[in-house]
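For reference, the structure is listed below as structure tokens.
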Amino acid sequence: MMIKPFQSGDRVAFFGDSLTHAGSYHRFIRDYYFTRYPGIDLKTFNCGNGGGSAQGALFRMDMDLFNFQPNKVFVMFGMNDVDRYCYGVENPDAENLRRRKLALESYAEGMEALIRRLLEAKIEEIVLLSPTPYEEEAEMKEMNLKGTCEALIACREINDRLAEKYGCGTVDLFSPMLAANRRLRETDPAASLAGPDRVHPGTPGHAVMAYVILKAQQVPADVFAVTVADGTVSTERCMVSDFRAENGGFRFHLAPSAMPLPSFPELEEVNALVPFTRELNRMPLVVRGLETGFYAVEVDGVQVAEASAPVLAEGIGLQLRSPESEKVGELNRRYGVEDLKLREIMKVEVMLFENRIPLDDKPAIQAYMERFLDEVRDKPWFPYYTNLFRSYFELKQAEEGTKAEMRKIAAELSIAVPPSGWTVAVKRCSGK
């Protein structure tokens, strides 16, 4: 089933575990839509919950999903569902194998129950994202729970069966992420998109995830396109004015109706793994009918390329940046920072809800936190919960201010406009 591109008016929830809770793939998706369609009325909601599972998510749908009134929901669970500490065992006994089987059955039951509730709520589009890979192949200090990937592949297959049964969309994140990891290890046996815990991707991994989701939506690759053929200009997503011949070539003013994607420090690394720029941020310039020879391409008086007439006839890619698009990227980054504060609040409040502890009973909350930390003192996640509980009351006190800041950022995004444009010149030169 085709995944539909987002449209103005959409309210999109990303419902998942820690990869959504603290992740940034939805930020990169926002970057695309708010630059490609300036002023779009698009609301996105981070409904990730660290440590969450499909079964566990059933209990928070009213307080942490339906409360946002989404019309589209992207669902990603699996990493915590497969009971991955059953893996990494050379000779699993019958009890271990039973636990593995039960975990996958529970995942299937949980995902089906989630889908049925979403359908009952009249959600217009449900998209099932496969889990990302557990890192089994890179050389890392963290214990290697080999076999987890096989279980995650089973989760993907369960998604596919449920999607066919209920008419949902699916996106396979597992395969392209695994392929990208293997390309990384061609030069470095310790390299991975996953972090040192073998589970959580860093920023490049989330950019790859966003790329895969956007490609599944079949979004347009071109920011704008310009074709000049024998002095006649045709355009897409831009306007060309003040066109005039000069210096054996021509110049014109280019005003786009969209913006280039914002840059980010890891972009070069991401482009080495997937064609992020080439397939999401193209700005082609095609020039036909030039005399044989070489030509310099200048933007605002700065040479950005040199190409022969045949190469220009095939087209070159302009890679332009603008302060306006960089501002959109910064606004989305800030939005994500504020959103994470709300996620941390909700993480605690889901735990309190599950344990029937009133949100206005501070002594009961503190007593619960102390008991919980005592129980997980020897677990790897003890530091996370220690910091989470330590910050909760401060974050809760500032909650309304956080929401106000997010509304302010959203208002700024709603009035973002494309750059005023660039002067582009194609000039005859001596060539190489």
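A few notes on this one:
- Under the criterion of Cα pairs below 8 Å and six or more residues apart, the relative contact order for the chain equals 18 percent.
- Here the contact order of the range 1-151, divided by its residue count and restricted to Cα pairs under 8 Å and six or more residues apart, works out to 27 percent.
- Accessible area, probe 1.4 Å, largest first, for residues Tyr33, Tyr166, Tyr368: Tyr166, Tyr368, Tyr33
- Accessible area of Lys165 in the full protein assembly, 1.4 Å probe (Å², nearest 10): 130 Å²
- Just the protein heavy atoms count here, and of the accessible area of the chain at 1.4 Å, carbon and sulfur take up 51 percent.
- Given charges at Cβ of Lys, Arg, Asp, Glu: the range 1-100 dipole, positive-most of Ala94, Thr44, Gly16: Thr44
- Over the chain, DSSP H runs of length four or greater, each weighted -39,500 (n - 2.57), average out per residue to a 222 nm ellipticity of -14000 deg cm²/dmol.
- Centre-to-centre separation between the Cα atoms of the range 151-175 and those of the range 48-63: 19 Å.
- With every protein chain in place and a 1.4 angstrom probe, the accessible-area ranking of Asp374, Asp31, largest first, reads Asp374, Asp31.
- Near Leu129: Cβ cut-off under 10 Å, other residues only, Lys/Arg at +1 and Asp/Glu at -1. The net charge is 0.
- Area of His200 that stays accessible when all protein chains are in place (1.4 Å probe, Å², to 10): 70 Å²
- Net charge contributed by nearby residues that have their C-beta within less than 11 Å of Arg333 (K/R +1, D/E -1): -1
- Cross-link partners for Lys327 among the aspartates and glutamates, with Cα-Cα distance under 19 Å and sequence neighbours closer than 8 places in the same chain left out: Asp31, Asp41, Glu266, Glu338, Asp339, Glu405, Glu412.
- Proximal lysines relative to Lys379, as straight alpha-carbon distance under 28 Å, when same-chain residues fewer than 8 apart are discounted: Lys101, Lys141, Lys146, Lys341, Lys347, Lys362, Lys396
- Packing order of peptides 190-197, 317-324, highest average first: 190-197, 317-324 (average count of other Cβ atoms within 10 Å over each peptide's residues).
- Accessible surface of Ile123, taken over heavy atoms with a 1.4 Å probe and every protein chain present, rounds to 20 Å².
- Dipole magnitude for the chain: about 600 debye, using +1 per Lys or Arg Cβ and -1 per Asp or Glu Cβ, origin at the Cα centre.
- Dipole magnitude of the range 113-199, debye to nearest 20 (Cβ charges: Lys/Arg +1, Asp/Glu -1, about Cα centre): 240 debye
- Among Glu124, Glu186, Glu150, the largest mean-square fluctuation in a Gaussian network model of the chain, built with springs joining Cα atoms closer than 10 Å, belongs to Glu186.
- The range 272-416 - Debye-derived log10 I(q)/I(0), Cα point model, q = 0.14, 0.18 Å⁻¹: -0.83, -1.07
- Take the convex hull of the alpha carbons in the chain; its mean projected area over all directions comes to 24.0 nm².
- Taking Tyr335, Tyr32 and ordering them by how much accessible surface each has at a 1.4 Å probe, largest first, produces Tyr335, Tyr32.
- For Lys4, the shell of other residues with beta-carbons less than 11 Å away shows a net charge of -2, using +1 for Lys and Arg and -1 for Asp and Glu.
- Cβ-Cβ distance of Lys379 and Ile415, R₀ of 56 Å, FRET efficiency by 1/(1 + (r/R0)^6): the value works out to about 0.75.
- Along its first, second and third principal axes, ordered by size, the range 27-183 spans 56, 37, 27 Å in Cα coordinates.
- Distance between the range 108-125 and the range 377-404 - C-alpha centres, whole angstrom: 30 Å
- Reachable lysines from Lys122, criterion Cα separation under 16 angstrom, eight or more residues apart if same chain: Lys72
- Applying 1/(1 + (r/R0)^6) with R0 = 45 Å to the Cβ-Cβ distance of Glu164 and Phe59 gives a FRET efficiency near 0.95.
- Since only Leu178, Phe77, Leu118 are under comparison, the one whose Cα sits farthest along the positive direction of the charge dipole of the chain, derived from C-beta charges on Lys, Arg, Asp and Glu, is Leu118.
The values are calculated or read from the model by the stated rules, or taken from the named source; none is laboratory data. Owing to the predicted nature of the structure, the values given are computational and were not obtained by experimental measurement. FYI the Cβ positions are ideal-geometry reconstructions off the backbone, even for glycines, and counts take in every protein chain you see. Quick note on the areas: whole protein, heavy atoms, side chains included, nothing else; ligands and nucleic acids left out. Shrake-Rupley method; radii C 1.70, N 1.55, O 1.52, S 1.80 Å.
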